[in-house]
Amino acid sequence: MKVVKFGGSSLANAEQFEKVGNIVRADKDRRFVVPSAPGKRNSKDTKVTDMLYECYGLAEADSDFGGVFQAIKERYQEIIDGLSLELSLEKEFQVIEEHFREKAGSDYAASRGEYLNGIIMAHYLGYEFIDAAEVIRFSENGEFDAETTNRILEKRLDRTSYAVIPGFYGAKKDGKVKTFSRGGSDVTGSIIARAVQADAYENWTDVSGFLIADPRIIYKPERIEMITYKELRELSYMGASVLHEDAIFPVRKEGIPINIRNTNMPEDEGTWIVGSTCQKSKYTITGIAGKKGFCSVILEKDMMNAEIGFGRKVLQAFEDNDISFEHMPSGIDTMTILVHQDEFVHKEQSVVSAIHRLAGPDHIEIEADLALIAVVGRSMKSSRGTAGRIFSALAHANVNVKMIDQGSSELNIIIGVKNEDFEVAIKAIYDIFVLARI
């Protein structure tokens with residue numbers, strides 16, 4: 001049994017719908033389908049979700065939203081006509097228009113993209129349509145209620161052979177629609193996969209899985225064939241985004257693998273995301289990801305290591321100023337706190353004053369415009385000299401390493417470099433492990 005989720009680019013027009021239909025019908029095990037709202041048909045186009053936000057914004061301001069609303073209706077009618085379906089959404093649009101005028105909320109407005117696409121998809125496939133508001137439950141304070149949702153879904157889908165359940169939204173107990181964050185259709189698919197104890201959760205998008213590095217930096221990087229949940233979390237945290245990171249947890253709990261596939265190239269195997277595996281990576285590393293825009297706060301104090309509570313006092317200064325830290329490498333008499341520069345820059349003197357008051361360091365130094373690069377791989381712990389190869393490659397590329405941090409799991413090595421060295425550093429690391437096949 002498989003749960004299949006299709007992203008907005010996979011459902012942007014009738015031609016894409018036909019590709020999706022062929023994919024679903026090609027495997028009778030693809031029993032539960034989770035559609036997103038129609039995405040962009042081309043680079044200059046607008047996603048339907050964005051159109052709905054714009055439309056509701058006008059309605060909320062008591063402005064005329066008829067023009068945008070008509071454009072949304074035409075997007076769906078274009079898909080219906082292109083598929084030659086005998087289907088009218090007029091009654092649905094009448095209800096939506098009424099709710100807009102009654103100011104039903106931006107979550108309700110945004111969710112209608114998936115809702116309407118789900119109706120079309122169910123009609124096109126001949127599957128049952130199940131409104132996500134009936135089966136995905138949020139608490140009164142807006143938190144996703146995983147266990148209640150799972151009970152409702154188990155009961156509802158136990159008597160259902162084939163169904164379409166729209167992604168991205170659910171509802172509170174009183175029926176008020178609530179959405180996940182953007183990209184939340186990934187989460188819906190994962191929740192349903194858990195409820196039906198699926199053998200696999202296929203997530204269909206416009207790329208053939210995860211790539212070892214950012215294709216904007218590396219020309220045609222290699223695809224990752226298999227990645228563990230832990231590796232994926234490390235890469236996603238550092239900016240590698242193909243899958244909504246919250247989508248991992250429901251299936252990880254049940255040991256259900258995720259398969260990232262390409263709607264436009266269905267013959268590609270894509271990337272498998274698994275709990276654990278005995279299969280070694282093709283290369284020593286699994287992936288490289290990174291972010292710019294950090295700064296480091298470097299503290300020095302003699303005998304710091306012998307002072308009980310020193311680290312807590314330092315971090316108290318950041319907490320009091322509502323600043324979270326990313327990494328905290330330390331030495332015997334030094335400690336470095338890595339923070340997001342845009343969060344820190346307006347509060348830096350307040351933080352520095354608090355550190356002096358609470359911890360009494362001998363010296364504080366701040367360095368801005370840093371980038372962090374994570375080199376991730378389950379094979380690194382069994383490969384000698386991985387760190388040596390990384391730093392040799394960076395030295396050869398004339399990149400100065402400002403910080404090194406390696407977790408005890410030996411799953412990743414995080415390197416700090418200057419912002420201007422970010423792309424050069426990623427290319428150097430990719431070259432030494434992938435192109436040189438070391």
State whether one or more residues within the stretch 300-313 are under 26 Å from ARG233 (Cβ atoms) and under 30 Å from the mean Cα position of the chain (by Cα).
-> no
Condition test on VAL401, is it more than 25 Å from THR334 (Cβ to Cβ) and out of contact with any Lys or Arg (no Cβ under 7 Å at 6 or more places or on another chain)?
-> no
Scan the helices (runs of 4 or more DSSP H) fully inside the stretch 62-153 and keep the ones with 3 or more residues being touching an Asp or Glu at 6+ places or on another chain (Cβ under 9 Å).
-> 66-82, 106-125
Qualifying residues in the stretch 134-162 (those that are within 23 Å of the chain's Cα centre (by Cα) and charged (D, E, K, R)) - the one nearest to ARG25 (Cα to Cα) = ARG137
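I need the full set of residues from the stretch 403-413 which are in contact with a helix residue (DSSP H, G or I) (Cβ under 9 Å, 6 or more places away or on another chain) and either of a type outside the set (D, E, K, R) or modelled with pLDDT of 85 or more (or both), in order please.
Across the stretch 403-413, the qualifying residues are ILE404, GLN406, GLY407, SER409, LEU411, ASN412, ILE413.
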Which residues, taken from the stretch 7-48, are open to solvent by less than 10 Å² (accessible area, probe 1.4 Å), part of a helix (DSSP H, G or I) and closer than 18 Å to ALA110 by Cα?
-> LEU11, VAL48
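I'd like to know if the stretch 379-389 contains one or more residues that are modelled with pLDDT of 95 or more and open to solvent by less than 20 Å² (accessible area, probe 1.4 Å).
The answer is no, given that none of the residues of the stretch 379-389 is modelled with pLDDT of 95 or more and open to solvent by less than 20 Å² (accessible area, probe 1.4 Å).
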When every residue in the stretch 253-282 that is charged (D, E, K, R) and over 24 Å from ASP27 (Cα atoms) is compared, the one least open to solvent (accessible area, probe 1.4 Å) is LYS282
Return a yes/no flag: does the stretch 349-362 have any residue that is under 24 Å from LYS292 (Cβ atoms) and not in a helix (DSSP H, G or I).
-> no
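The values are calculated or read from the model by the stated rules, or taken from the named source; none is laboratory data. Here the structure is a predicted model, which means the values were calculated and not measured. Cβ sites come from the backbone with ideal geometry, for glycine too, and all protein chains shown count toward neighbours. The accessibility values were calculated without ligands, DNA or RNA, using every heavy atom of the protein model including side chains. Shrake-Rupley method; radii C 1.70, N 1.55, O 1.52, S 1.80 Å.
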